[in-house]
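Each remark here refers to the structure printed beneath this line.
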């Protein structure tokens, strides 16, 4: 699994002009599921999301995780993260999980996240979503499990 995480002061997702999810301070997480991914990869990714230290401590150093700042997590499924961009000028998606498997694993990640942390929101799998954010920093990392 791949996750592009962005430290945000606010983020929201809309579908057909209606807001479906929003967080204030926290992590916007764009999630890509690849063919070989399973629940173990999702569990490993969730551990990283909850413990990755990207928030500033009182000295201005990135020493705090999303739980320590009581931030939210906004999970957004994004199959394009699984694209192969190494050759040519058009992305290939042969490494991406098929939609049914991708949705199942994303749903598993979402359920596990909601069990582990109370401030979790989600975009809609397969929907045409509009994502708005205020990237704090900017701080952006690509995590792989």
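State all residues of the stretch 113-130 that are in contact with a helix residue (DSSP H, G or I) (Cβ under 9 Å, 6 or more places away or on another chain) and not in a strand (DSSP E or B); if no residue qualifies, say none.
Residues satisfying the conditions are 113, 116, 117, 125, 126.
Among the candidates 133, 110, 89, the residue that is part of a helix (DSSP H, G or I) and either in contact with a strand residue (DSSP E or B) (Cβ under 9 Å, 6 or more places away or on another chain) or farther than 26 Å from residue 22 by Cβ (or both) is uniquely 110.
Of the residues making up the stretch 58-84, those that are farther than 21 Å from residue 112 by Cα, part of a strand (DSSP E or B) and at pLDDT 95 or above are 62, 63, 64. With the checklist (1) farther than 17 Å from residue 134 by Cα; (2) loosely packed, with under 13 Cβ neighbours inside 10 Å in hand, flag the one item residue 42 doesn't pass. The single condition residue 42 does not satisfy is (2).
The single condition among (1) more than 15 Å from the chain's Cα centre (by Cα); (2) free of Cβ contacts under 8 Å to residues at least 60 places away in the same chain that residue 39 does not meet is (2).
Of all residues in the stretch 92-107, exactly one satisfies the criterion of being in a strand (DSSP E or B) and more than 19 Å from the chain's Cα centre (by Cα), namely 92. Elements of the type strands (runs of 3 or more DSSP E) sitting completely within the stretch 1-50 and holding at least 3 residues that are in contact with a helix residue (DSSP H, G or I) (Cβ under 8 Å, 6 or more places away or on another chain): these cover 2-15, 26-32.
Scanning the stretch 1-35 for residues that are more than 17 Å from residue 121 (Cα to Cα) and either in contact with a strand residue (DSSP E or B) (Cβ under 8 Å, 6 or more places away or on another chain) or at pLDDT below 95 (or both) turns up 1, 2, 33, 34, 35.
The values are calculated or read from the model by the stated rules, or taken from the named source; none is laboratory data. If you're wondering where the values come from, they're calculated on a predicted model, not measured in any experiment. Positions of Cβ are backbone-derived with ideal geometry, glycine not excepted, and every protein chain shown enters the neighbour counts.
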